[in-house]
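Novice: Shown below is the structure under consideration.
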Amino acid sequence: MKGNMEERACQLARYIIENKATVRAAARTFNISKSTVHKDLSERLPSFNRPLYLQAKQVLEENKAQRHIRGGMATRRKYKGV
């Protein structure tokens with residue numbers, strides 16, 4: 001997935017918007033680090049595709065607001081043995 005960083009940033013944003021995916025899920029799918037996903041979406045994407053950035057940002061903010069719930073559910077599954 002190396003090469004054109006602008007193209008990668010657009011693909012990441014589209015993936016996150018379409019799948020309501022987390023940063024971790026996007027990083028896993030594109031086989032890159034979470035740091036790269038953050039850098040692409042927060043620094044590179046706004047400079048050349050502002051509308052796409054705003055849509056992706058909205059999904060990421062929603063995920064951020066829900067992360068404490070997902071973390072609690074994961075801990076519960078871990079200790080219940082599910």
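The values are calculated or read from the model by the stated rules, or taken from the named source; none is laboratory data. Please read these numbers as outputs of a predicted model, since none were measured by experiment. Positions of Cβ are backbone-derived with ideal geometry, glycine not excepted, and every protein chain shown enters the neighbour counts.
Novice: Just checking, does region 42-59 include any residue being under 11 Å from the mean Cα position of the chain (by Cα) and of a type in the set (A, V, I, L, M, F, W, C)?
Specialist: yes
Novice: Further, regarding this structure: Test of understanding: among Ala9, Ala65, which residue is crowded, with 17+ Cβ neighbours inside 10 Å and either in contact (Cβ under 8 Å) with a residue 24 or more places away in the chain or within 16 Å of the chain's Cα centre (by Cα) (or both)?
Specialist: None of the other options fit; the residue is Ala9.
Novice: Further question: Within region 1-33, how many residues turn out to be within 15 Å of Leu52 (Cα to Cα) and among the polar types (S, T, N, Q)?
Specialist: Residues meeting the conditions: 2.
Novice: Being among the small types (Gly, Ala, Ser) and not in a helix (DSSP H, G or I) is the filter; apply it to region 33-82 and report the residue that is nearest to Arg8 (Cα to Cα).
Specialist: That would be Ser33.
Novice: Now for a separate question. All but one of (1) modelled with pLDDT of 95 or more; (2) outside any helix (DSSP H, G or I) hold for Arg28, so report the exception by its number.
Specialist: Tallying (1) modelled with pLDDT of 95 or more; (2) outside any helix (DSSP H, G or I), Arg28 fails exactly one: (2).
Novice: Can you name every residue in region 19-32 that is in contact (Cβ under 8 Å) with a residue 24 or more places away in the chain and either loosely packed, with under 15 Cβ neighbours inside 10 Å or within 9 Å of Ala9 (Cβ to Cβ) (or both)?
Specialist: Residues satisfying the conditions are Lys20, Asn31.
Novice: Here is a follow-up. Please count how many residues of region 37-53 are farther than 11 Å from Glu6 by Cα and touching a helix residue (DSSP H, G or I) at 6+ places or on another chain (Cβ under 7 Å).
Specialist: Total satisfying the criteria: 4.
Novice: Would you tally the residues in region 15-25 being under 12 Å from Lys57 (Cα atoms) and either outside any helix (DSSP H, G or I) or over 10 Å from the mean Cα position of the chain (by Cα) (or both)?
Specialist: 3
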